[in-house]
């Protein structure tokens, strides 16, 4: 159907989190970062980023994902270059990536907390402590401003370590079905949303996604499992392997948060009885 | 005008590909007619029917038949090559060291880690492939039809045990997590989950829902027979459980052809406990049609209800497209020509209400069956997608030719009053089916008009606005040809009946019923069907490449197996052996034992002591053979051994005695747990190495290596050969014995297995390249050799002889491999090969699960490089027990570790890499101690599985020396060879006989 046009069509599955901008009228967009397995493209607002992913890239929830591995994809672009996003496709210099279908990313859903054998990280470190403090404050209804300020944007790289820990915190709170957890989640998320410009665009986009329960599939599976007290050592290993330190940082956040949550629920056992 | 007919063997393509290739060839300039097809009986009949003269052939051959002028045939052939190359290029990995494309679904799953499989190979092979998926723990969609029902039941039971879902056989459609599999329309996502024991039925239902603005979560096909008494809803129940646990699914719709009443009743009870509303679109007399069932379900799912009103009491306005001829009446009988089986069923059920008996190839009652010619003057509905109509050809949704012919025939039949047709759009279907069908409709109406008859045509068009073919465009094309087009098949059928002058409106309101659960779903256990509905879909496919292409277009990662049919005549045996419940565990045990077996050099002594060989008994390589049938090199070696043992004074005398056989016994080395390279002749006075496997308490023996060139094992028996053997007996043997015994006493036995794993990392493969191994062995032996109690000149000569012999180690590697395979022998149910050996005439194998029986075939002659002035005519067929190395996972199987070997046996370096990678396709597993550095230290392919050889047609790759065919010549070269395939087909037959159900 495109005979005669010198363009390759690369079908991709699209996360609904991006659908609005991809379906919109075509606009020039800047490439924020380029790697062999993925290309990050800004979508106008600071926290709106599209990740163009090869099939062997980490399945980020903000992705337009090809069925081809990085070895068979050449973006032909570097950071700072421009692409056109819209009308259901992303136009690259040598190919058009077409959103062929919607792929709902996995999502943590609130479930009852069932503490199991100690899992997650045994030593969640400083990040774990910070997440623990922030979660404790949020669960107790205290101000979350200092905690969020201390973590957001703290660290090197595209997704600073502090942000990864907050993602872990948001996912963990979002995965527990208890009014106190819901309130804490809302408080932290509101504070994070107000300060998104304190971190990178990509990290901001992932924080927003985590606030809605979205993360890469292994993380969602792990958090869901940890909340219901299921140990999954092989999942822990896989999550630890994510990024340079992102997986570990995120898990530190999850571990610190779950510990804070258990302590909080223990001090007020009656809350479990009147769960809404 | 000339006919060009040729047969090509080893070229397998699926029917859809060949249909496309045939069309390309037929449309080349100057070609009058052309057919390219696999040489099945049915296809040969068709090609012969076109007047071509086709020679005898096997079903796995490709027949090319082209008729045209000289230039036309040439153009046709060039079009053929072009089309085939294009098809093939997608299917071959050819980079340096790149693994070849897997041949089986199991291979494709291993390679890709896919979480869903799709099988569309011909029905007789479908279960074999589908079982690969079940064994790998992933769900599988079986598109193939013509699968026996008992196989379906066995497959589904296996799947239930493995916690995975089988969709099919004969499953035309499925949508999993937004991914369309097989034939499927592009529908919006939503909350209705569908379980479909009907392909086109499910498509119709999804299209109606889509038109009403309601999306689906998943559509799980279960195969047209799942609700029959025999299959008893095995897959349907699993699919229901999966949808019940799926958070995206809020209500469930079950679509089926008329189900068995008791199965339906049981299923209704099951569905009531699911915790989600379940609606039924299960066809049957007195039950709602699909459209009515969808309307009932819509009342629940909150859809807007077609394009018209939403009030339940008024008629819903399902889309229809009509033209000026839409109210034209016909007179005569209803003729329904369908591609969709369920659509045909629905049409018959409705027509029977108004018209009475409808005859069919898939009748509602047996007495309504059409004759073989499918003609009748009354009401007729034909399902062109039925199994009986699709053997050896593509489904009519892809290849419409049979139906188009029938439309023309109906047009000329004065008893035909109205034509009712279906047309199904979506993924997998014909990319643009409307013009061809419109042309047929126009022609049919003209034919009827020429005969002064009206021929109204009604089309039920199953499609959505999202379908690639374009719903409106297709409908308009058909309307322009004079047809009336309706989205609802039930309404299309009623309209057709109405055009015969019958009253079909208003429709009696039979509402569907929904079942609700009383309680909530049981606590979340493990995710049903292995997380199929929540994973990111990636697919391994085997069969028609059209489906793989359709998946790629949806951005689904796909790995295709380069499937070809198994070795001819084996499908029955294969099915029995693969279904043997003992096999997986037996093979795993065989592999465990092979890998665990030890191999310690513990002694060197004469065969008379070690093996209890008596004077006049000669061991030889390969399966049993009498002297008369022995090849030149074996005869030569036996003559030499007679001379050596003093049983004859001349070669002539020795040969005469051997021919007579008095007092002479020939026996395979393997019968004594020994091995011998090439002719492998061991006589009582010869010295042998003795190796022990302490793990399994086994012992094996092998003669001492004589070096290369004119040597007994290659069939030479001149004086220098006999003299060397004498020296080996009187000098070398005793020195080695002292050396080994002293060493064993001081430091323990020499670990031969450790040397093998080292040598593989040093460029040896252990069969035809033993350089590093020989040096390492010498390093172990030297300290105690040089201190042996013997004249220093003898020690010096023994050391020089051993050090100069590059194959010094071979005679230790072989018994080490024998110990490995011996440990794996005799496991009931195991299909792992434990012996491959040749005597220069026959190639023989033995298999773990079939005891000591040999399965033999004529030995092939190796191809390779020749020494000096020797050439291919000088080479004897394959000979020697040394193929025990390949049997145990080294030699040809480890060629990638020894790329330099290609200078000795022929081939090139990519070949060496490919050879090892290809062997993974036919082996049970990988060796843990023997590794290939260039493959990232992957273990060598170990444990040849008879079933894999038969399935893939890939034969074990053996490196070998070549003996001269004339007795007394010696070595003439080295090369590559494979066993004859009958060894494996016979072994399979024996395994099948011994298989447990």
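The values are calculated or read from the model by the stated rules, or taken from the named source; none is laboratory data. In this text, all values refer to a predicted model and were calculated from it rather than measured experimentally. Reconstructed Cβ throughout: ideal geometry from the backbone, glycine too, with neighbour counts over all protein chains shown.
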Review point. When you look at residue B:134, is it more than 18 Å from residue B:550 (Cβ to Cβ) and surrounded by 22 or more Cβ atoms within 10 Å (Cβ to Cβ), yes or no?
Key: yes
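Any residue that is more than 14 Å from chain B (Cβ to nearest Cβ) and either touching a helix residue (DSSP H, G or I) at 6+ places or on another chain (Cβ under 9 Å) or assigned to a helix (DSSP H, G or I) (or both) - is there at least one of those in the range A:59-67?
Looking for residues that are more than 14 Å from chain B (Cβ to nearest Cβ) and either touching a helix residue (DSSP H, G or I) at 6+ places or on another chain (Cβ under 9 Å) or assigned to a helix (DSSP H, G or I) (or both), one finds at least one in the range A:59-67, hence yes.
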Exercise for review: Kindly indicate the residue of the range A:69-99 that is part of a loop (DSSP other than H, G, I, E, B) and out of contact with any strand residue (DSSP E or B) (no Cβ under 7 Å at 6 or more places or on another chain) and also surrounded by the fewest Cβ atoms within 10 Å (Cβ to Cβ) among those meeting that condition.
Suggested key: A:93
Revision key, fill the gap. In the range A:100-109, anything more than 8 Å from chain B (Cβ to nearest Cβ), in contact with a helix residue (DSSP H, G or I) (Cβ under 7 Å, 6 or more places away or on another chain) and surrounded by 19 or more Cβ atoms within 10 Å (Cβ to Cβ) is listed as A:108
Point to revise | Residues that are surrounded by 12 or more Cβ atoms within 10 Å (Cβ to Cβ) and in contact (Cβ under 8 Å) with a residue 40 or more places away in the chain, drawn from the range B:783-801 | key: B:783, B:784, B:785, B:787, B:788, B:790, B:794, B:795, B:797, B:798, B:801
Study note, to complete from the structure: The condition from (1) within 16 Å of residue B:174 (Cβ to Cβ); (2) within 14 Å of another protein chain (Cβ to nearest Cβ) that residue B:247 misses is numbered (1)
Review point. Listed residues B:541, B:559; which is surrounded by fewer than 23 Cβ atoms within 10 Å (Cβ to Cβ), within 14 Å of chain A (Cβ to nearest Cβ) and either more than 30 Å from residue B:673 (Cβ to Cβ) or modelled with pLDDT under 90 (or both)?
Key: B:559
Study note, to complete from the structure: Counting only strands (runs of 3 or more DSSP E) wholly inside the range B:165-264, the ones holding at least 3 residues that are under 30 Å from the mean Cα position of the chain (by Cα) and touching a residue at least 24 places away in the same chain (Cβ under 8 Å) are B:173-176, B:179-182, B:189-197, B:216-221
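Results for (1) under 34 Å from the mean Cα position of the chain (by Cα); (2) at pLDDT 95 or above; (3) farther than 25 Å from residue B:927 by Cα, shown as yes or no for each residue.
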position	(1), (2), (3)
B:796	no, yes, yes
B:804	no, no, yes
B:810	no, yes, no
B:814	yes, yes, no
B:827	yes, yes, no
B:869	no, no, yes
B:874	no, no, yes
B:880	yes, yes, no
B:886	yes, yes, no
Check your understanding: Going by the structure shown, is residue B:212 out of contact with any strand residue (DSSP E or B) (no Cβ under 7 Å at 6 or more places or on another chain), under 25 Å from residue B:251 (Cβ atoms), more than 14 Å from every other protein chain (Cβ to nearest Cβ) and surrounded by fewer than 24 Cβ atoms within 10 Å (Cβ to Cβ)?
Key -> yes
Check your understanding: Any idea which residue in the range A:202-228 is farthest from residue A:52 (Cα to Cα), counting only those that are outside any helix (DSSP H, G or I) and either away from every other protein chain (no Cβ under 13 Å) or without any contact (Cβ under 8 Å) to a residue 12 or more places away in the chain (or both)?
Key -> A:212
Study note, to complete from the structure: (1) in contact with a helix residue (DSSP H, G or I) (Cβ under 9 Å, 6 or more places away or on another chain); (2) within 14 Å of another protein chain (Cβ to nearest Cβ); (3) surrounded by 13 or more Cβ atoms within 10 Å (Cβ to Cβ); (4) modelled with pLDDT under 90 all hold for residue A:9 apart from (1)
Review point. What is the residue count in the range B:1-52 for residues that are within 22 Å of residue B:561 (Cβ to Cβ) and either part of a helix (DSSP H, G or I) or assigned by TED's automatic domain parsing to the domain that holds residue B:955 (or both)?
Key: 7
Check your understanding: When you look at residue A:43, is it under 30 Å from residue A:228 (Cα atoms) and more than 14 Å from chain B (Cβ to nearest Cβ), yes or no?
Key -> no
Check your understanding: in contact with a helix residue (DSSP H, G or I) (Cβ under 7 Å, 6 or more places away or on another chain), without any contact (Cβ under 8 Å) to a residue 40 or more places away in the chain and surrounded by 19 or more Cβ atoms within 10 Å (Cβ to Cβ): does that describe residue B:772?
Key -> yes
Review point. Among the residues of the range B:720-732, is there at least one that is more than 14 Å from residue B:642 (Cβ to Cβ), within 38 Å of the chain's Cα centre (by Cα) and assigned by TED's automatic domain parsing to the domain that holds residue B:643?
Key: no
Check your understanding: Quick one: in the range B:888-909, which of the residues that are farther than 18 Å from residue B:773 by Cβ and touching a helix residue (DSSP H, G or I) at 6+ places or on another chain (Cβ under 9 Å) is modelled with the lowest pLDDT?
Key -> B:907
Point to revise | Flag if residue A:135 is within 14 Å of chain B (Cβ to nearest Cβ), buried (at least 21 other Cβ atoms within 10 Å of the Cβ) and touching a helix residue (DSSP H, G or I) at 6+ places or on another chain (Cβ under 6 Å) | key: no
Review point. So which of A:31, A:22 ends up being on the phi < 0 side of the Ramachandran plot, within 20 Å of the chain's Cα centre (by Cα), modelled with pLDDT of 90 or more and within 14 Å of chain B (Cβ to nearest Cβ)?
Key: A:22
Point to revise | Filter result for the condition that a residue is within 21 Å of the chain's Cα centre (by Cα) and not assigned by TED's automatic domain parsing to the domain that holds residue A:207, over A:92, A:68, A:52, A:77 | key: A:52
Point to revise | Residues (within 14 Å of chain A (Cβ to nearest Cβ) and surrounded by fewer than 24 Cβ atoms within 10 Å (Cβ to Cβ)) located in the range B:145-177 | key: B:177
Point to revise | Residues of the range B:80-110 satisfying the condition of being in contact with a strand residue (DSSP E or B) (Cβ under 8 Å, 6 or more places away or on another chain), farther than 14 Å from residue B:918 by Cα and at pLDDT 75 or above | key: B:80, B:105, B:109
Exercise for review: Working only within the range B:463-485, note down all residues that are in a loop (DSSP other than H, G, I, E, B) and within 42 Å of the chain's Cα centre (by Cα).
Suggested key: B:463, B:464, B:465, B:466, B:467, B:468, B:469, B:470
**Study point:** Candidates B:588, B:575, B:550, B:637 - the one that is over 30 Å from residue B:744 (Cα atoms), more than 39 Å from the chain's Cα centre (by Cα) and not in a loop (DSSP other than H, G, I, E, B)
**Key:** B:637
Review point. In the range B:516-538, how many residues are within 11 Å of chain A (Cβ to nearest Cβ), surrounded by 15 or more Cβ atoms within 10 Å (Cβ to Cβ) and either modelled with pLDDT of 85 or more or farther than 22 Å from residue B:105 by Cβ (or both)?
Key: 4
